[in-house]
Amino acid sequence: MNPVQQFRLEEKGVRFRNPYFFLRILLLAFFVFTPFMFRSFEVLDVVLKIIIFSALVASYDVILGYTGIVSLGHVLYFGIGCYSVGIFMGNLGWISYGHLALAFLIAIAVSGILSVLIGLFSLRIRAIFFAMVTLAFMEFAFILSSQLRSITGGDDGISFKLPGILAVDYSIGHFLGIELTGRILSYFLILLICMILFLFMLRFVHSPVGRVLQSIRDNEPRSIALGYRTYLFQVIASSFASCVAAVAGACFAIWVRYVSPDSSLSVSIMLDVLLMVIVGGMGTLYGGIFGAAFLMVTRAFLPKLQVLVGSILPGVPMAARLSERWLFYFGLLFIIIVYFFPKGIVGTVQEFFSKRRTS
Amino acid sequence: MNMPHPPIIETKDLTIRFGGHLAVDHVSLQIPPFTFKSIIGPNGAGKTTFFNMISGQYRPTEGKVFLKGKDVTSLSPAIRTQLGIGRSFQLTNVFLSLTVLENVRLAIQSQKDIGFNFWKNYLSFSELENQAYEILKMVLLDTKWNVPASGLTHGEQRKLEIAILLALETEVLLLDEPTAGMALEEVPSILELLKQIKNRRDKTILLVEHKMDVLMALSDSIAVLHEGRLIADDTPEAVSKNREVQEAYFGGGRARG
């Protein structure tokens, strides 16, 4: 047996004993028990958005961090997922499990086909061109969704109801001290779907194709000289990520039961996704979870600083005025993270541990 | 030179122009299979450009490239690699963030039929890693298999480059200055490696170099490029005695140009 085989065997032996494995279990346990631990809807809402955005950001990471392609229109597919559910449930009013499943399938199909077409058309040329083309397509979809009032409800968007156990007024009784409403069941359904998406992505980046993608990110001309038609691999990566984003979008629609151009297709969501990837760490997949958590938690709770400071220091106008500027503190936090974690939270921590192990 | 086999690589009037500059000027060259041919010439003679046209990075302005009698002039570099032309680069060109083993494994993977598999773990194809490890042993990098390529010395990276090239298992190996930028004490190990490959006589090696002494012992034949033109193509002994080559190579070039 050569040293490589031996190393792989040892690796396999400690697969369920290494700290990363426990961290994953812990993370999953946290998400599973969140509805039982926190009664407030606000917390549940934030945690669920972290879950959905983790999947979305990880899918963006497959393109940006693993393949090295810059897309500025990834949220387009998220929006397709949102609108697919919104149009079926709201506009057409076909509220049934079958149609919900169909909405998912159509979202995946449309995203897959569209991203292959965009990829074939624009990935051949330089990277910056792909970034611009994807941005243009997203803008185009944004305008379409706000103009086609009869289909998309225009700027007002579409509110809708969901079938059976996912409906808001549904309840199957109490369990572990909480009422299992349609909301809670939606939460678990979305958690399950996002977990499956994550497993798919992990498998994808560790497959032979995934390894070629990493070689393209490192050195595309070399990869070509190895005989890989890198262009086809880039198209595969981008369409895979787009399908994942579409499913994440459909989940988002299930949670908020409402779609509008601003909440599902806007450039500001794209910027959020970019921030999350950078904060979490590119080329790590798990970075998506931490990036999404950072942004969602600070967004949700920094504005509350004012209330908190107001209750601790009543009648100090200076403190009140300072605590109003939550966006400023958000910016400060972001700079601190980028400064101390140049490879993102997960990337930098991984590097730290792998250095310690070898030294 | 007598040629028992038809040439594996043949160029006919290969020419490339960059703007007004004629970088390679009607070079016709035949490389018989399983031989070791070197292409030499002063800096700027067009050696690397000539290489880039054979491996497909550049398209010639004029002329054709044949691989085993088949016209490959219009094929992409990726396809040419699949057909049997592998190359290494003058500037070290490896995947820096990937491990040494992974660099070689990716080269082996490209030869297998699993390129588009995205549903299985890459480690489940364990024979690829084993093959990669065997190749690393050949180039004496086996102890560093789990180090990222960025952690290797320059000389080691050159060796890795050759390992990648060997892993491609192409019939033709194009080596662009394999000893470039290497510390002097590292050069002999590369030459030893080239000698081993040559002695197996199952590859055709085409090598660009500008240090003449490196090649005299290794090459079956040497082609000399000067200012884009082929001025000699003969055995090492004959080339070193060639008057035109001496003029071009050992300083005469400046007086002529």
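Looking only at residues of region A:229-265 that are in a helix (DSSP H, G or I) and of a type in the set (S, T, N, Q), we find that the one that is nearest to the other protein chains (Cβ to nearest Cβ) is A:Thr230.
Yes or no, residue by residue, for (1) on the phi > 0 side of the Ramachandran plot; (2) touching a helix residue (DSSP H, G or I) at 6+ places or on another chain (Cβ under 8 Å); (3) at pLDDT 95 or above:
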{"position": "A:Cys251", "(1), (2), (3)": "no, yes, yes"}
{"position": "A:Leu275", "(1), (2), (3)": "no, yes, no"}
{"position": "A:Thr284", "(1), (2), (3)": "no, yes, no"}
{"position": "A:Pro314", "(1), (2), (3)": "no, no, no"}
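Looking across B:Asn121, B:Asn130, one residue alone is in contact with a His (Cβ under 8 Å, 6 or more places away or on another chain), more than 30 Å from B:Leu75 (Cα to Cα) and free of Cβ contacts under 8 Å to residues at least 60 places away in the same chain. It is B:Asn121. Flag: B:Val245 matches the condition of being crowded, with 20+ Cβ neighbours inside 10 Å, of a type in the set (Val, Ile, Thr) and either within 14 Å of chain A (Cβ to nearest Cβ) or not in a loop (DSSP other than H, G, I, E, B) (or both). Considering region A:177-187, and only residues there that are in contact (Cβ under 8 Å) with a residue 60 or more places away in the chain and not basic (Lys, Arg), the residue that is nearest to B:Ser150 (Cα to Cα) turns out to be A:Tyr187.
Every residue, every condition in (1) farther than 16 Å from A:Ile50 by Cα; (2) surrounded by fewer than 20 Cβ atoms within 10 Å (Cβ to Cβ); (3) basic (Lys, Arg), yes or no:
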{"position": "A:Ala241", "(1), (2), (3)": "yes, no, no"}
{"position": "A:Val244", "(1), (2), (3)": "no, no, no"}
{"position": "A:Gly249", "(1), (2), (3)": "no, no, no"}
{"position": "A:Arg257", "(1), (2), (3)": "yes, no, yes"}
{"position": "A:Pro261", "(1), (2), (3)": "yes, no, no"}
{"position": "A:Ser264", "(1), (2), (3)": "no, no, no"}
{"position": "A:Asp272", "(1), (2), (3)": "no, no, no"}
{"position": "A:Val277", "(1), (2), (3)": "no, no, no"}
{"position": "A:Gly280", "(1), (2), (3)": "no, no, no"}
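The set of residues in region A:145-178 being at negative phi, surrounded by 15 or more Cβ atoms within 10 Å (Cβ to Cβ) and part of a helix (DSSP H, G or I) consists of A:Ser145, A:Ser146, A:Ile151, A:Thr152, A:Ile165, A:Leu166. Could you go through region B:176-186 and let me know if any residue there is touching a residue at least 12 places away in the same chain (Cβ under 8 Å), surrounded by fewer than 19 Cβ atoms within 10 Å (Cβ to Cβ) and at positive phi. Yes: one or more hits. Tallying residues that are farther than 25 Å from B:Lys12 by Cα and of a type in the set (Gly, Ala, Ser) within region B:209-239 yields 1. Kindly check whether there is at least one residue in region B:126-140 that is under 16 Å from B:Thr99 (Cβ atoms), more than 21 Å from the chain's Cα centre (by Cα) and at pLDDT below 90. Yes: one or more hits. Any residue that is out of contact with any strand residue (DSSP E or B) (no Cβ under 7 Å at 6 or more places or on another chain), within 14 Å of chain B (Cβ to nearest Cβ) and over 22 Å from A:Phe160 (Cα atoms) - is there at least one of those in region A:68-83? Yes, because at least one residue in region A:68-83 is out of contact with any strand residue (DSSP E or B) (no Cβ under 7 Å at 6 or more places or on another chain), within 14 Å of chain B (Cβ to nearest Cβ) and over 22 Å from A:Phe160 (Cα atoms).
Taking region A:306-323 as the range and being surrounded by 13 or more Cβ atoms within 10 Å (Cβ to Cβ) and of a type outside the set (Val, Ile, Thr) as the test, the residues that pass are A:Gln306, A:Gly310, A:Leu313, A:Ala319, A:Ala320, A:Leu322, A:Ser323. Please go through region B:82-109 and give me each residue that is at the interface with chain A (Cβ under 8 Å from one of its Cβ atoms), under 18 Å from A:Leu232 (Cβ atoms) and surrounded by fewer than 24 Cβ atoms within 10 Å (Cβ to Cβ), ordered by number. Correct list: B:Gln82 only. Restricting the search to helices (runs of 4 or more DSSP H) fully inside region A:15-92 and requiring at least 1 residues that are surrounded by 15 or more Cβ atoms within 10 Å (Cβ to Cβ) and free of Cβ contacts under 8 Å to residues at least 12 places away in the same chain gives A:41-61. Of the strands (runs of 3 or more DSSP E) that lie entirely inside region B:4-110, not one contains 3 or more residues that are without any contact (Cβ under 8 Å) to a residue 24 or more places away in the chain and within 19 Å of the chain's Cα centre (by Cα). Scanning region B:56-81 for residues being small (Gly, Ala, Ser) and more than 10 Å from every other protein chain (Cβ to nearest Cβ) gives a total of 3.
When we screen B:Gly63, B:Gly56 for residues that are within 16 Å of A:Ile224 (Cβ to Cβ) and among the small types (Gly, Ala, Ser), the only hit is B:Gly56. Scanning region B:110-120 for residues being farther than 30 Å from B:Thr48 by Cβ and either of a type in the set (S, T, N, Q) or facing another protein chain (nearest Cβ under 7 Å) (or both) gives a total of 6. Counting the residues of region A:192-223 that are crowded, with 20+ Cβ neighbours inside 10 Å and either under 30 Å from A:Ile165 (Cβ atoms) or of a type in the set (Ser, Thr, Tyr) (or both) gives 7.
Of all the residues in region B:43-69, those that are in contact with a helix residue (DSSP H, G or I) (Cβ under 8 Å, 6 or more places away or on another chain) and surrounded by fewer than 18 Cβ atoms within 10 Å (Cβ to Cβ) number 1. In region A:192-217, the residues that are facing chain B (nearest Cβ under 9 Å) reach residues that are in a helix (DSSP H, G or I) and small (Gly, Ala, Ser) with C-beta atoms within less than 6 angstrom, at least six apart or across chains, in these pairs: A:Phe204/A:Gly210; A:Ser215/A:Ser223. Consider region B:151-169 and keep the residues that are under 22 Å from A:Ala225 (Cβ atoms) and facing chain A (nearest Cβ under 10 Å). The one that is surrounded by the fewest Cβ atoms within 10 Å (Cβ to Cβ) is B:Leu168. Considered as a group, the residues in region A:117-132 that are within 17 Å of A:Leu213 (Cα to Cα) and buried (at least 16 other Cβ atoms within 10 Å of the Cβ) include one that is modelled with the lowest pLDDT, and that residue is A:Leu123. From the list B:Leu215, B:Leu175, the one residue that fits, being within 26 Å of B:Val94 (Cα to Cα), of a type outside the set (Asp, Glu) and touching an Asp or Glu at 6+ places or on another chain (Cβ under 6 Å), is B:Leu215.
Remark: B:Leu123 falls outside the filter, which requires a residue to be facing chain A (nearest Cβ under 8 Å), over 15 Å from the mean Cα position of the chain (by Cα) and at pLDDT 90 or above.
The values are calculated or read from the model by the stated rules, or taken from the named source; none is laboratory data. Predicted, not measured: the structure shown is a model, and the values here were computed from it. Note: ideal-geometry Cβ built from the backbone for every residue, glycine included; neighbour counts use all protein chains shown.
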